[in-house]
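Scroll down for the structure; my scribbles are underneath it.
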Amino acid sequence: MDDIDLELNEMELVAAAVGYYYYNCITKQPSRSLSPRRCGFMTEMLNGPNDFSREMLRMDKHVFHKLCDILRQRSLLRDTAGVMIEEQLTIFLNIIGHNERNRVIQERFQHSGETISRHFNNVLKAIKSLSREFLQPPDTTSSPEILSSSRFYPYFKDCIGVIDGMNIPAHVPAKDQSRFRNKKGLLSQNVLAACTFDLQFIFIYPGWEGSVTDSRVLRAVLDDPDQNFPKVPEGKYYLVDMEYSNMGGFLAPFQGVRYHHYEYRGANQLPRNAKELFNHRHCCLRNAIGRSFNVLKTRFPILKLAPQYSFHVQRDIVIAACVLHNFIRQQERNDWLFKSVGEAIMDEIPDADELPGVQLISSMEEQLAFSLRDSIATAMWDDFLNKWNEW
């Protein structure tokens with residue numbers, strides 16, 4: 001028995017030494033020149049120049065390590081004999097952050113195609129499971145972005161966020177392509193999104209066919225309690241664009257009145273009436289969701305192309321990307337993409353085929369929604385004329 005105990009102790013020591021060596025290999029070695037070999041690449045990622053790590057991970061290193069800690073502590077992922085969580089997450093971020101093919105990742109990380117696919121799917125599932133935690137209902141108090149601007153406060157003090165649709169290129173079987181072909185003739189999935197003025201996503205609903213209009217997707221979500229769309233508090237509302245109806249909880253611009261930024265440039269830049277002033281400020285405030293989409297797609301270019309995955313995986317990638325987007329926003333307020341891309345004004349050119357006709361008021365709820373919009377427009381126009389506030 002003594003001999004057996006001694007043999008087991010030696011085996012345990014060998015196992016511990018191997019584990020320590022591997023951990024040292026990917027986290028502790030000094031920086032060295034880039035190498036396609038696994039340990040060399042991970043060492044460069046974690047200990048090399050910040051710019052290189054940021055480019056490959058699509059986030060700062062301290063944010064990456066924080067995410068690894070969460071995945072490890074909650075047992076959403078586990079270290080394996082050959083691939084630690086840091087490497088699993090790096091594989092996933094390389095794929096969605098650069099739209100890399102499996103073969104490229106195999107060479108970079110020196111793993112088989114099966115290993116790459118398995119870890120990609122494991123990480124995708126783990127990050128998606130964090131969606132309820134990081135996609136949270138909005139705060140019902142006025143946002144700092146509204147409170148700090150005389151153009152928006154007090155007129156939009158009850159606004160809690162912005163809603164819009166986002167078209168993501170989709171890869172679907174030939175039999176489904178007619179349903180997924182959008183107005184521009186491209187195959188896409190229509191994603192309903194809601195965000196705060198801090199550029200964080202509140203709600204995300206991917207997977208709709210590209211041929212379906214934004215307003216129909218919103219109506220389907222509101223009619224289906226299983227979708228868990230956050231209930232709009234009494235007296236509060238989201239901003240929506242002209243593709244949606246003006247109704248309780250959703251404030252749309254005036255139809256038939258110039259709206260987009262490019263329409264207020266040059267000699268005719270000043271608003272001529274209350275509806276134009278309202279529409280211009282509505283557009284400026286609603287621009288938050290365009291900037292959120294821009295940051296999201298810039299960080300994760302896989303959303304700009306149709307990846308060769310099954311459709312349910314394409315759908316889950318959108319959710320995971322939005323979770324990571326919010327996580328980065330919460331962990332690093334000075335993230336380089338939020339500061340550069342996220343602060344740029346997005347100019348939208350509407351598709352004439354998607355603009356709705358004249359909306360008829362058919363219910364008491366809609367009458368109240370129209371009255372609210374009229375009262376906001378009147379109040380800001382009066383202040384504009386009498387106080388000459390910035391517009």
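Looking at Asn102, Asn94, which is the one that is over 29 Å from Ala16 (Cα atoms) and touching a Gly at 6+ places or on another chain (Cβ under 6 Å)? Talk me through it step by step, then tell me what you get.
Working: Asn94 fails: touching a Gly at 6+ places or on another chain (Cβ under 6 Å).
The conditions single out Asn102.
Please verify whether the stretch 171-178 includes one or more residues that are in contact (Cβ under 8 Å) with a residue 12 or more places away in the chain and over 18 Å from Gln308 (Cβ atoms).
yes
Test of understanding: among Gly290, Gly266, which residue is open to solvent by 10 Å² or more (accessible area, probe 1.4 Å) and in contact (Cβ under 8 Å) with a residue 12 or more places away in the chain? Give the steps one after another, and end with the answer.
Numbers: Gly266 fails: in contact (Cβ under 8 Å) with a residue 12 or more places away in the chain.
Residue meeting the stated conditions: Gly290.
What number goes with the only condition from (1) open to solvent by less than 10 Å² (accessible area, probe 1.4 Å); (2) touching a Leu at 6+ places or on another chain (Cβ under 8 Å) that His171 does not pass?
(1)
For the stretch 194-205, which positions are in a strand (DSSP E or B) and open to solvent by 10 Å² or more (accessible area, probe 1.4 Å)?
If we filter the stretch 194-205 for residues that are in a strand (DSSP E or B), which is where we start, we get 194-195, 201-205.
Scanning the stretch 194-205 gives Phe203, Ile204, Tyr205.
Taking the stretch 86-124 as the region of interest, how many residues are modelled with pLDDT under 95, within 26 Å of the chain's Cα centre (by Cα) and either more than 24 Å from Lys297 (Cβ to Cβ) or of a type in the set (S, T, N, Q) (or both)?
The qualifying residues number 2.
Output yes when any residue across the stretch 258-277 is touching a Pro at 6+ places or on another chain (Cβ under 9 Å), part of a helix (DSSP H, G or I), of a type outside the set (D, E, K, R) and closer than 21 Å to Phe156 by Cβ, and no when none is.
The answer is yes, given that some residue of the stretch 258-277 is touching a Pro at 6+ places or on another chain (Cβ under 9 Å), part of a helix (DSSP H, G or I), of a type outside the set (D, E, K, R) and closer than 21 Å to Phe156 by Cβ.
Have a look at Val191, Val162 and point out the one that is surrounded by 18 or more Cβ atoms within 10 Å (Cβ to Cβ), in a strand (DSSP E or B) and touching a Cys at 6+ places or on another chain (Cβ under 7 Å). Give the derivation first.
Values: Val191 fails: touching a Cys at 6+ places or on another chain (Cβ under 7 Å).
Residue meeting the stated conditions: Val162.
Against the condition buried (at least 20 other Cβ atoms within 10 Å of the Cβ), farther than 18 Å from Lys157 by Cβ and out of contact with any Ser or Thr (no Cβ under 9 Å at 6 or more places or on another chain), how does Tyr237 come out, does it pass? Steps first, answer last, please.
Numbers: buried (at least 20 other Cβ atoms within 10 Å of the Cβ): yes; farther than 18 Å from Lys157 by Cβ: no; out of contact with any Ser or Thr (no Cβ under 9 Å at 6 or more places or on another chain): yes.
Against the criterion (buried (at least 20 other Cβ atoms within 10 Å of the Cβ), farther than 18 Å from Lys157 by Cβ and out of contact with any Ser or Thr (no Cβ under 9 Å at 6 or more places or on another chain)), Tyr237 does not qualify.
The values are calculated or read from the model by the stated rules, or taken from the named source; none is laboratory data. In this text, all values refer to a predicted model and were calculated from it rather than measured experimentally. Methodologically, a virtual Cβ is constructed for each residue, glycine included, from the backbone with ideal geometry; neighbour enumeration extends over all protein chains shown. Heads up: the accessible areas ignore ligands, DNA and RNA and are worked out on the full protein's heavy atoms, side chains in. Shrake-Rupley method; radii C 1.70, N 1.55, O 1.52, S 1.80 Å.
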